[in-house]
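Comments concern the structure below.
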Amino acid sequence: MKKFFAILMASLTLGLAGAAHADEKPAEAPAVTAPAAASASAAAPAVIATAAPAPAAAVPDKGDVAWLLVCTAFVILMSTPGLALFYGGLVRSKNMLSVLMQVFTVFSLISVLWVVYGYSVAFTEGNAFFGSFGKLFLKGVDAAAVTGTFSKGVVIPELGFVAFQGAFAAITVGLILGAFAERIKFSAVLLFAVLWFSFSYLPMAHMVWYWAGPDAYTTADAAEKAGATAGWLFQKGALDYAGGTVVHINAAVAGLVGAYLVGKRVGYGKDSMAPHSLAFTMVGASLLWFGWFGFNAGSGLEANGAAALAFANTWVATAAATMSWVIAEWLFKGKPSMLGAASGAVAGLVAITPAAGFVGICGALIIGLLAGAVCLWGVSGLKRMLGVDDSLDVFGVHGIGGILGAILTGVFAAPSLGGVGIYDYVANATAPEYDILQQVGIQVTGVGVTIVWSAVVAFIAYKLVDMFVGLRVAEDEEREGLDIASHGESAYHL
């Protein structure tokens, strides 16, 4: 155990070193998140406008602040207990407590790392891939500090933004755990979480979501200079409202790599590995749906019509995906299942995430209907083709759903199809033109970069973990169950 903690501290040091080549000065512009942000770099430089007078210092609106804090609490609810119960119900009873423990502890670990260095690396100006060390331990971020939203002259408390994005980071790492549930060492989980968070989540968040904020886009020249400081995929114009690439594809690919490297469960394909409590899984899925309103509708950072659109899209797409999965399962397997309904709901939530604030209601409905059917194939046909024991179908739902949603965002964001289009922050208006094929190409690029980046980082991280502490528990411990073998206690005493 002493050896493990020494390695854990060493990996923490590696995480801090990951951005050492970046400019270490604090960002001069406010750091902001995903929604509508990518549109600024895509459209603003093409418009010539006269610089507006400098506005007076903005004060946070109490409604925006309250909404942001509530949404942050919603996202935390998604992890504990939402994700924990959803995953816990899907494993065998002898491993229920281990899954709860992994989700709970990983959420706590990443929350600490986010404050220490994660926020600084993801959301300060550095280079196109990493931020700086200017806000280590949240240096300079106090109760008076503010940051921008997606409206000029509108700000929110930066501490609220820190917490909101920190909850995103924590649940993303937690999603990976379902891929290798029931056979991985607890020490391996923690060490991998540190490495992957540092070298995959943080750069992806910076690449997709970091920009200088709307107030920097005053003229075409100013917009060009501001755009050059943004993350690499942001500069390309990638649209990701709340984490299709950063969260779902990123985590799913890491999970898939882990499922291969950790190996199949003992008795896989021979012994019964049915979920021990679909009641817990249904409750977990319901909490995920509830919490996801904070995940998506909160990503606009303001309590306004855009938040209402993202909220309604999250509601509709999830319901549509649930029905799509259930009906498809009924047709092809003969009976509709509770597991299918819960899985369909999560598939819809995943697919609408990158599109939530960009598409209209009809677009959300179509995305949800497609997600249910496509992700059903992902956890059945595709899983058999890959020959992998992805225990809780992380890639089949989060990977396939995330890829589908990210690409379809480029289609249904078009104003001609009911979407909001690309916003031009120089002209303060929606750009007059929207090229669906061009935007889909950009979205595909974002998907491809995420897959490759996460896969490479995950492979190296798993190999390092295996080298130092080992990935997998002994066979006799796996047969006994991780509740007793790893934690010395049981979820149930009957």
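The values are calculated or read from the model by the stated rules, or taken from the named source; none is laboratory data. Keep in mind it's a predicted model, so treat the numbers as computed, not measured. Note: ideal-geometry Cβ built from the backbone for every residue, glycine included; neighbour counts use all protein chains shown.
Considering only the range 284-306, I want to know if a residue exists there that is polar (S, T, N, Q), surrounded by fewer than 19 Cβ atoms within 10 Å (Cβ to Cβ) and either closer than 27 Å to PHE161 by Cα or at pLDDT 95 or above (or both).
First pass over the range 284-306, keeping only residues polar (S, T, N, Q): 286, 296, 299, 304.
Imposing the further condition that a residue be surrounded by fewer than 19 Cβ atoms within 10 Å (Cβ to Cβ) reduces the set to 286, 304.
Those left that are additionally either closer than 27 Å to PHE161 by Cα or at pLDDT 95 or above (or both): 286, 304.
Checked against the condition, which is being polar (S, T, N, Q), surrounded by fewer than 19 Cβ atoms within 10 Å (Cβ to Cβ) and either closer than 27 Å to PHE161 by Cα or at pLDDT 95 or above (or both), the range 284-306 yields at least one hit.
Among the residues of the range 74-126, the ones that are in a helix (DSSP H, G or I) and either under 14 Å from VAL162 (Cβ atoms) or of a type outside the set (A, V, I, L, M) (or both) come to 34 in all.
Within the range 66-79, which residues are within 22 Å of the chain's Cα centre (by Cα) and either farther than 19 Å from GLY255 by Cβ or among the small types (Gly, Ala, Ser) (or both)? Before you say what the answer is, go through the steps one by one.
From the range 66-79, those within 22 Å of the chain's Cα centre (by Cα) are 67-79; that's our starting set.
Within the range 66-79, TRP67, LEU68, LEU69, VAL70, CYS71, THR72, ALA73, PHE74, VAL75, ILE76, LEU77, SER79 meet the criteria.
Would you mind finding the one in VAL146, VAL162 that is touching a residue at least 40 places away in the same chain (Cβ under 8 Å) and under 18 Å from the mean Cα position of the chain (by Cα)? Among VAL146, VAL162, only VAL162 is touching a residue at least 40 places away in the same chain (Cβ under 8 Å) and under 18 Å from the mean Cα position of the chain (by Cα). Within the range 127-161, the residues that satisfy the criterion of being of a type in the set (A, V, I, L, M) and in a loop (DSSP other than H, G, I, E, B) are ALA128, VAL141, ALA143, ALA144, ALA145, VAL154.
Of all residues in the range 201-215, none satisfies being closer than 23 Å to ILE460 by Cβ, part of a helix (DSSP H, G or I), among the small types (Gly, Ala, Ser) and touching an Asp or Glu at 6+ places or on another chain (Cβ under 7 Å). When both residues are 6+ apart or on different chains and their Cβ atoms are under 6 Å apart, which pairs have a first residue that lies in the range 112-136 and is closer than 17 Å to ALA230 by Cβ, and a second that is surrounded by fewer than 21 Cβ atoms within 10 Å (Cβ to Cβ) and basic (Lys, Arg)? Taking only residues 6 or more apart or on different chains, the pairs are GLY134/LYS25.
When the helices (runs of 4 or more DSSP H) confined to the range 337-391 are screened for residues that are under 17 Å from the mean Cα position of the chain (by Cα) and in contact (Cβ under 8 Å) with a residue 60 or more places away in the chain, those reaching at least 3 such residues are found at 338-352. Residue pairs whose Cβ atoms lie under 7 Å apart, separated by 6 or more positions or on different chains, with the first residue in the range 240-259 and in contact (Cβ under 8 Å) with a residue 12 or more places away in the chain and among the hydroxyl-bearing types (Ser, Thr, Tyr) and the second in a helix (DSSP H, G or I) and surrounded by fewer than 24 Cβ atoms within 10 Å (Cβ to Cβ), are THR245/VAL447. Listed here are the helices (runs of 4 or more DSSP H) enclosed by the range 430-494 that have at least 3 residues being of a type in the set (Phe, Trp, Tyr) and touching a residue at least 24 places away in the same chain (Cβ under 8 Å): 436-468.
Table: residues versus (1) under 30 Å from ASP483 (Cβ atoms); (2) at pLDDT 95 or above; (3) not aliphatic (A, V, I, L, M).
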residue	(1), (2), (3)
PRO35	no, no, yes
ALA38	no, no, no
PRO45	no, no, yes
ALA51	no, no, no
LYS62	no, yes, yes
LEU77	yes, yes, no
LEU85	yes, yes, no
GLY88	yes, yes, yes
VAL91	yes, yes, no
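Among all positions in the range 406-421, there is at least one residue which is of a type in the set (S, T, N, Q) and either surrounded by fewer than 20 Cβ atoms within 10 Å (Cβ to Cβ) or more than 25 Å from the chain's Cα centre (by Cα) (or both). Per the conditions (1) surrounded by fewer than 20 Cβ atoms within 10 Å (Cβ to Cβ); (2) in contact with a helix residue (DSSP H, G or I) (Cβ under 6 Å, 6 or more places away or on another chain); (3) polar (S, T, N, Q), the sole criterion not satisfied by ASN127 is (2).
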